[in-house]
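What follows draws every value from the coordinates through simple rules; no lab data is involved. Every value quoted in this text rests on a predicted model; they were computed, and no experiment measured them. A quick note on method: Cβ atoms are made from the backbone with ideal geometry, for glycine too, and the neighbour counts reach across all protein chains shown.
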Amino acid sequence: MTEITSNQVTPRDFKSDQEVRWCPGCGDHAVLNAVQKALSELGIPREKFAFISGIGCSSRFPYYMNTYGFHGIHGRASAIASGVKIANPELSVWQITGDGDALAIGGNHFIHVVRRNIDINIILFNNEIYGLTKGQYSPTSEKGIITKTSPYGTVEEPFSVGELVIGAKGKFFARTIDSNVSLSTRIYVEAAKHKGTSVVEVLQNCVIFNDGIHETVTGKDVRDDRTLILKHGEPMIFGKENNKGLILDGLKLRVVKLGENGISEKNILVHDAFESNPGIQYMLANMRYPEYPVALGVIREVPGPTYENDVVSQINEIKNSSKIKCMDDLLNSGSVWKVE
Amino acid sequence: MGTKSKVIEREEVVIRFSGDSGDGMQLTGSLFSDTAALYGNDLTTFPDYPAEIRAPQGSVGGVSGFQVHLGHSEIYTPGDNADVLVAMNPAAIKANINWTKPGGTIIYDKDNFTEKNIERAGYLKDPVVEDNLDRFNVIAAPISSMVREALKNLGLDPKTVLRTKNMFALGMVYWLFDRKLKYTEQYFEKKFSQRPEIIEANKIALRAGYYYAETIEALAPVIRISPAPIAKGKYRSICGNVATAWGLMAAAEKAKLQLFIGSYPITPASGILEELSARKDLGVKSFQAEDEIAGICTALGASFTGHLAATSTSGPGLALKSEAIGLAVMAELPIVIIDVQRGGPSTGLPTKTEQADLLQALFGRNGECPVVVLAASTPSNCFHFAFEAARIALEHMTPVILLTDGFLANGSEPWKIPAMENLPEIKPHFANQKELPYLPYKRDTAKLARFWAIPGTPDLEHRIGGLEKTVKGTVSYTPENHELMVHLRDEKVARVVEKVPDLEVVGESSGELLAVGWGGSSGYRFIAVRELQNEGYKISDVTFNYINPLPRNVREVFSRFKKIVVCELNMGQFANYLRMKFPEFHYEQINKIQGLPFTIKEIKEKCLEILEG
């Protein structure tokens, strides 16, 4: 038996004493496991983590993490997390949110945190439904979906998370599946290491109100043919037999078969997550089955200055150049006169 | 400069600068006030400007005014009616004539009294006839043509030349009041240091106005108001918004915390965010949020992380922040919420003052949701009450709402500069790292405040949030626990009374009538009461700065007067609050909902009715 020193953290160290209350079979359980695994790989002490959430099933997440946690109000987790990170840039700040919380009531805060590039890791659980309020459509529900508030089908277009992130000048976007713990763990580690806002969309299954919504893409038997797991610097090849790939055909992506029409691996696009021009990444993020495989992995990962670092350096710069060093200096600055 | 033959001494005087919203009247008034303050006069100012940055030119709706009340003794209000009115166009006369004392002086720009401008102002005939200007000492100065003439050799474009009209008018006023031009000239040199031609133009215009007034002996005799016999010490001029910002910064320094402000620009509160954004030299972290909700939510995040956190807004913004204030109550985090009140409801009268957010501040949230509510009552005591709001928040682990208003925010007055060492200590209610396990809702027995554990501290990891919790921080829907926690949160706020000083009665401690009020409308009431006292009436005055919890001696003070009258700029919100808290008393009311401060005359007349009724 090896002795565990206090420096070594294990996934177990991140489990709180609270009983996990999600429905049996809910995708959230797997996300929790993957996050706890990822955190144990980061080498950051437990007290440096803060988990911030809004409202919704996924937003109960902080209660199950033995870290600092703040369960906020609906839609506002991005704003609360921004305040936490700006106040203490040393913390590893995670925002747990859902498709309703982040993209409906919290849409404004979501695009602005992404625009500012505050170093927060946002895990967006996308089950395309409102679970906690028991089954109404969400901003990511496919057009036409029948739910409690759309008994005749919705007549509105859904958001695509990646498209919104890139549109808001996002620098990190990744996608994973709740059930794929090893892929998810790798992505969460990447997200944590990235300096700036990281958005990870998790295709998550709501076992009660939208069961199987991602199944056509993520089902065990079909997922190899219907998803493409992207890795920076590697060709975009997928399929059960690793014989399908993506090429750029004019201004569009096209799925091709290796070995057909003279196509070989050298014709296949190589993934460049670090490219700052989001053109190809945007197309990858928007790929939909059946025309395309759904892209998983880190789609975009571009370095850039973070808001909180710029705040700190601006303060330091001005502190150094200003004659005002304390409140007494300020109170007695400018036009001051003496009454004798 | 010439010597003056005849000079008369006056106790106090009210001057109103008035013109189109583009005429620079706010600057003119501020420069005059600063010069008067440096001379040693006590003063209070009141800027009154339209919501539109440039309302239709020449219209009454576009008139921007700045009133200064200065005196030889202490000044508590910007004054009712003007002794001197400076009117840059006919609309300025139309808007202000009823607020000018008969026999007073009106200086106007004759060149601007064109047929078109007279019509735009809504006059049917010559204003001199229609408004019977013979009642006043009228100085019809050709200001526009005089500045054109004075600046003709500088080679400036006509627009720039005409922009100095306000300085010509200011020069005239300086002569009337026997003031030096030095301070204003120094201002030009600092403000336009990159543009020497503009410095020169303004100086020439200012002097031209001064000499013009001297030449025509604009007002004989010249008025002199000697310096006020105010307490010895160092002074500066300060407006309510800057005082509020500095109060928060002073509290952060005393508490040895960093200050975070999360706000969204809104009239008339933006000045607080602007001032704090400029104070990076003292380490202030300012965050201009995407909306009001993000303003308070970022502040709550910073509070959770151990900063002194604040958010500033006005009535509509306070409404948007309601849910997050509820979260702060539930999470029991320290935060200061500043509401610079304006005329409402909805967008209402953004640039006008009102006190109608009181009940919103006290009760405008879902659930049983008590917060501490304070109200500042002068521009400079915004500093003290912002400091107090922060001290209470940090020591009692509670949100505190500080009410100011547009009148206080933009009004300014000389302020005796405090020394930081004389301000009270602030001891944030931190958790002890050695007392483990840390329970987030464990309280101290005296104040019932929970302990603040800051992320980054080993062994104090915990979760808080908007759901009801047990002392351990476990989510709980247990009926008894909820009732217990509701009572604990309520009692915690009630115990803040430990920090609330007793009400101070100004005047006799008993009598016929007690005039009661709160916040920014207090100066007018106070002066009205003082005048009535001097006339022999048995009337006294109290100002409330602590709204929740109320001072301990309210009942005792109220019981010593036969009648009580509550004066406020709303329909009677504080009066109703007092009726709820102390139903045994009868409350008369004096109310005004015009977006304007009271006048001393209004309060006096109504108090007299009550006294004699």
Margin query: I need the calculated FRET efficiency for the pair A:Asn243 and B:Asp459, taking r as the beta carbon distance and R₀ as 41 Å, to the nearest 0.05.
Written below: 0.15
Note to self: Give me B:Asp48, B:Asp157, A:Asp225 sorted ascending by neighbouring Cβ count inside 10 Å, so fewest comes first.
What the structure shows: B:Asp157, A:Asp225, B:Asp48
Notebook entry, point to check: Can you list the equivalent-ellipsoid semi-axes of the protein assembly as shown, largest first and in whole Å, using the square root of 5 times each Cα gyration tensor eigenvalue?
Noted result: 60, 35, 25
Next item on the list: Give the whole-number value, in cubic angstrom per residue, of the convex hull volume spanned by the C-alpha atoms of the stretch A:131-288.
Entry: 150
Notebook entry, point to check: Do you know the relative contact order of chain B, to the nearest whole percent, from alpha carbon pairs under 8 angstrom that are 6+ apart?
Noted result: 11
Notebook entry, point to check: Once the Cα gyration tensor of the stretch B:236-371 is found, what semi-axes does its equivalent ellipsoid get, as square roots of 5 times the eigenvalues, in whole Å, sorted largest first?
Noted result: 22, 19, 12
Check: What does the charge count near B:Glu512 come to, summing +1 for each Lys or Arg and -1 for each Asp or Glu among other residues with Cβ under 9 Å from its Cβ?
Finding: +3
Notebook entry, point to check: So what does log10 I(q)/I(0) come out to for the stretch A:1-129 at q = 0.16, 0.17 Å⁻¹, using the Debye formula with one equal point on every Cα and no solvent?
Noted result: -0.77, -0.86
Next item on the list: Quick one: check the C-alpha center-to-center distance for the stretch A:182-222 versus the stretch B:59-122, whole angstrom.
Entry: 68
Next item on the list: Could you please tell me the mean projected area of the C-alpha convex hull for the stretch B:356-398, averaged over all directions and given in square nanometres to one decimal?
Entry: 3.5
Check: When the convex hull of the Cα atoms of the stretch B:511-612 is projected onto a plane and the area is averaged over all directions, what value comes out in nm²?
Finding: 5.9
Next item on the list: Quick one: work out the % antiparallel among DSSP beta bridges in the stretch B:7-224, nearest 5.
Entry: 50
Margin query: Which chymotrypsin sites (Phe, Trp or Tyr not before Pro) in the stretch A:120-185 sit in a loop by DSSP (not H, G, I, E or B) and have at most 15 other Cβ atoms within 10 Å of their own Cβ?
Written below: A:Tyr152
Next item on the list: With everything on Cα atoms, drop me the angle between helix A:307-321 and the longest principal axis of chain A, reported from 0 to 90° to the nearest 10.
Entry: 20
Next item on the list: Count the net charge of all other residues whose Cβ sits under 13 Å from the Cβ of B:Glu185, scoring Lys and Arg as +1 and Asp and Glu as -1.
Entry: +4
Checklist line | Rounded tilt (10° steps) of B:240-255 against the dominant C-alpha axis of chain B | finding: 40
Next item on the list: Report, in deg cm²/dmol and to the nearest 500, the calculated mean residue ellipticity at 222 nm for chain B, where each DSSP H run with n ≥ 4 adds -39500 (n - 2.57) and the sum is divided by the residue count.
Entry: -11000 deg cm²/dmol
Notebook entry, point to check: With the calculation restricted to Cα positions, what are the radius of gyration and Dmax of chain B in angstrom?
Noted result: 26.4, 85
Check: How much net charge surrounds B:Val329 when only the other residues with a Cβ under 11 Å from the Cβ of B:Val329 are counted, with Lys and Arg +1 and Asp and Glu -1?
Finding: -1
Next item on the list: Enumerate by residue number the GluC sites (Glu not before Pro) in the stretch B:538-610 meeting two conditions: DSSP loop (anything except H, G, I, E, B), and at most 13 other Cβ atoms within 10 Å of the site's Cβ.
Entry: B:Glu584
Notebook entry, point to check: On a 0 to 90 degree scale, rounded to 10, what angle separates helix B:25-39 from the longest Cα axis of chain B?
Noted result: 90
Notebook entry, point to check: Over all residues in A:324-335, what is the mean tally of Cβ atoms on other chains that come within 10 Å of each residue's Cβ?
Noted result: 6
Next item on the list: Take every Cα pair under 8 Å in the stretch B:237-422 that's 6+ residues apart, average their separations, divide by the length, and report that relative contact order as a whole percent.
Entry: 29
Next item on the list: Give the longest segment of chain A that steers clear of trypsin sites (Lys or Arg not before Pro) in DSSP loops with at most 13 neighbouring Cβ atoms within 10 Å, not counting the sites themselves.
Entry: A:22-133
Checklist line | Cα pair count fraction exceeding 17 Å, expressed as % - the stretch B:78-123 | finding: 31
Item checked: Pairwise FRET efficiency - A:Gln8 versus B:Glu435, Cβ, R0 = 30 Å, nearest 0.05 -> 0.65
Check: Remind me, what semi-axes does chain A give for its equivalent ellipsoid, largest first in whole Å, using sqrt of 5 times each Cα gyration tensor eigenvalue?
Finding: 38, 25, 22
Notebook entry, point to check: Using a simple spin-label model with points 7 Å from Cα along the Cα→Cβ vector, what separation in nm is obtained for B:Lys427 and B:Glu504?
Noted result: 2.6
Checklist line | Net dipole in debye of the stretch B:42-145 [+1 Lys, Arg Cβ; -1 Asp, Glu Cβ; about Cα centre; nearest 20] | finding: 240
Margin query: Please arrange B:Asp23, A:Asp211 by how many other C-beta atoms lie within 10 Å of their C-beta, fewest to most.
Written below: A:Asp211, B:Asp23
Check: Can you give the translational diffusion coefficient of the stretch B:7-224 in µm²/s, computed by Stokes-Einstein from the Kirkwood radius over Cα pairs at 4 °C and 1.567 mPa s?
Finding: 75
Margin query: Below 30 Å, Cα to Cα, which lysines can B:Lys562 reach? Residues fewer than 8 away in the same chain don't count.
Written below: B:Lys499, B:Lys538, B:Lys581, B:Lys592, B:Lys601, B:Lys604, B:Lys606
